[in-house]
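Colleague: Can you keep this structure in mind? I'll have questions shortly.
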Amino acid sequence: MSADFEKYFQTVPPVLPAHIAIIMDGNGRWAQKRAMPRTAGHKAGIGSVRAVTEACARLGVQSLTLFAFSTENWQRPQKEVSVLMELFLRSLQKEVARLERNGIRLRIIGDRTQFSERLQVLMAEAEAKTAANDRLSLNIAASYGGRWDIVEAARRLAEEVAAGKLSPEAIDAERFHAHTALAELPEPDLFIRTGGEKRISNFLLWQLAYTELYFSDALWPDFREQDLALALEDYARRQRRFGRTSEQVEQVTRA
Ligand code: IPE
Ligand code: IPE
Ligand code: MG
């Protein structure tokens with residue numbers, strides 16, 4: 001999409017990503033290294049969520065999308081899943097006031113029908129309470145899968161076609177994007193995965209088409225502001241070309 005190229009260089013100072021997406025990985029290993037149960041790592045990871053979110057707000061990053069629980073993570077041992085659900089619940093109860101103080105808007109993306117009624121209600125309440133905040137948009141991906149997101153968008157488009165509201169010819173990348181989970185936000189500029197693995201694990205498949213990828217060996221509970229700073233430094237040195245040549249990019253950035 002050539003529009004991405006124009007939009008990026010015209011509206012965003014290329015040194016600071018407007019949108020960062022993070023796979024928060026390595027909680028289990030963090031705990032196992034300390035001879036603690038895996039769930040202790042999930043608890044410790046909440047501190048990194050706070051630190052990274054608030055650092056992004058201070059720096060002027062506009063959107064932060066965090067992968068908290070994938071559609072595949074439902075297959076983990078039931079005990080681990082239930083501790084994670086308990087942690088979501090408590091975080092939603094405890095952290096909303098803090099989000100409010102920091103001007104952060106919360107959105108939960110993913111298949112919410114999989115969560116308990118109580119969690120679904122808390123999610124909706126937290127979103128409503130923070131809806132007017134505009135310093136940072138924080139998106140938590142929970143029961144989220146990139147394929148789920150694409151299939152949902154396709155289904156909604158198909159429904160509009162079936163209802164006679166949309167003609168198949170009118171479906172293009174822009175309209176498709178408008179039906180995905182992060183429709184209102186710019187696509188991520190920087191993707192970070194902690195924990196050393198180098199894979200996407202069914203995170204934002206559609207949205208990461210031109211995102212810069214960065215991998216950190218730090219385990220998520222250890223990932224703090226300094227680690228984020230390293231990722232941002234690395235990102236600032238990249239040249240994003242969106243399919244063009246270096247010469248073309250240099251012309252635009254000089255202009
Ligand atoms: C990421 O950490 C958190 C979730 C997937 C919920 P992991 O639990 O995957 O930690 P590792 O990768 O096993 O160390
Ligand atoms: C990806 O981590 C999902 C989240 C961090 C929420 P996983 O630990 O589930 O990914 P794989 O299984 O190693 O690919
Ligand atoms: Mg993992």
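The values are calculated or read from the model by the stated rules, or taken from the named source; none is laboratory data. Note that the structure is a prediction, hence the values are computed from the model and not measured. With ideal geometry, Cβ positions are generated from the backbone for all residues, glycine too; neighbour counts draw on all protein chains shown. Keep in mind that these areas ignore ligands, DNA and RNA; they rest on the heavy atoms of the full protein, side chains included. Shrake-Rupley method; radii C 1.70, N 1.55, O 1.52, S 1.80 Å.
Colleague: Using modelled backbone amide H atoms (1.01 Å from N, in-plane), which distant-in-sequence or interchain residues come within less than 5 Å of Leu66's amide H?
Modeller: For Leu66, the qualifying residues are Ile22, Asn139, Ile140, Ala141.
Colleague: Now, a different point. When the chain is treated as a GNM, springs tying every alpha-carbon pair under 10 Å, which of Gly146, Gly196, Gly26 comes out with the largest mean-square fluctuation?
Modeller: Judging by the Gaussian network model, the answer is Gly196.
Colleague: Then there is this: Starting at 0 and stepping by 10 Å, how many percent of the alpha carbon pairs of the range 93-176 end up in each bin?
Modeller: Bins of 10 Å from zero give 16, 34, 30, 18, 3 percent of pairs.
Colleague: Same structure again: How many percent of all Cα-Cα pairs in the range 5-106 sit more than 22 Å apart? All intermediate terms of the calculation are to be shown ahead of the outcome.
Modeller: On the way: 2162 of 5151 pairs.
Result: 42 percent of Cα pairs exceed 22 Å.
Colleague: Now a separate question. Would you mind working out the accessible area per residue for the range 128-203, using a 1.4 Å probe, and quoting it in Å²? Please report the intermediate quantities before stating the final value.
Modeller: Values: 3760 Å² over 76 residues.
On a per-residue basis, the range 128-203 sits at 49 Å².
Colleague: Can you tell me which of Pro186, Pro77, Pro221 moves the most in a GNM of the chain? Springs connect C-alpha atoms under 10 Å apart.
Modeller: Pro77
Colleague: Let me ask something else. Where does the range 95-245 land on Rg/Rh, using Cα atoms and the Kirkwood Rh? Don't jump to the answer; show the numbers that get you there.
Modeller: Numbers: Rg = 17.8 Å, Rh = 17.8 Å.
Radius of gyration relative to Kirkwood radius: 1.00.
Colleague: Over the Cα atoms of the range 148-227, each weighted equally, I'd like the Debye log10 I(q)/I(0) at q = 0.12, 0.16, 0.21 Å⁻¹, rounded to two decimals.
Modeller: Summing over Cα pairs of the range 148-227 leads to -0.48, -0.71, -0.97.
Colleague: Right, another one. Please state the Cα pair-distance histogram of the range 161-204 with 10 angstrom bins from zero: what percent is in each bin?
Modeller: For the range 161-204, the binned pair fractions read 20, 36, 26, 13, 5 percent.
Colleague: Counting just the Cα atoms, what span does the chain cover along each of its three principal axes? Round to the nearest Å and put the largest first.
Modeller: Principal extents (Cα only, largest first): 54, 49, 34 Å.
Colleague: Also, I was wondering about something else. If we sort 46-52, 19-25, 116-122 on the protection proxy, mean other Cβ atoms within 10 Å, highest first, what's the order?
Modeller: Values: 46-52: 19.1, 19-25: 24.3, 116-122: 13.4.
Ranked from most to least packed, the peptides come out as 19-25, 46-52, 116-122.
Colleague: Sticking with this one: By per-residue mean of other Cβ atoms within 10 Å, what is the highest-first order of 80-91, 134-145? List each step's numbers first, then the result.
Modeller: On the way: 80-91: 15.9, 134-145: 21.6.
Descending mean neighbour count gives 134-145, 80-91.
Colleague: Here's a follow-up. Between Phe176 and Glu86, what FRET efficiency follows from the Cβ-Cβ distance if R0 is 25 Å, with the result rounded to 0.05?
Modeller: Working: r = 36 Å, r/R0 = 1.45.
E between Phe176 and Glu86, to the nearest 0.05, is 0.10.
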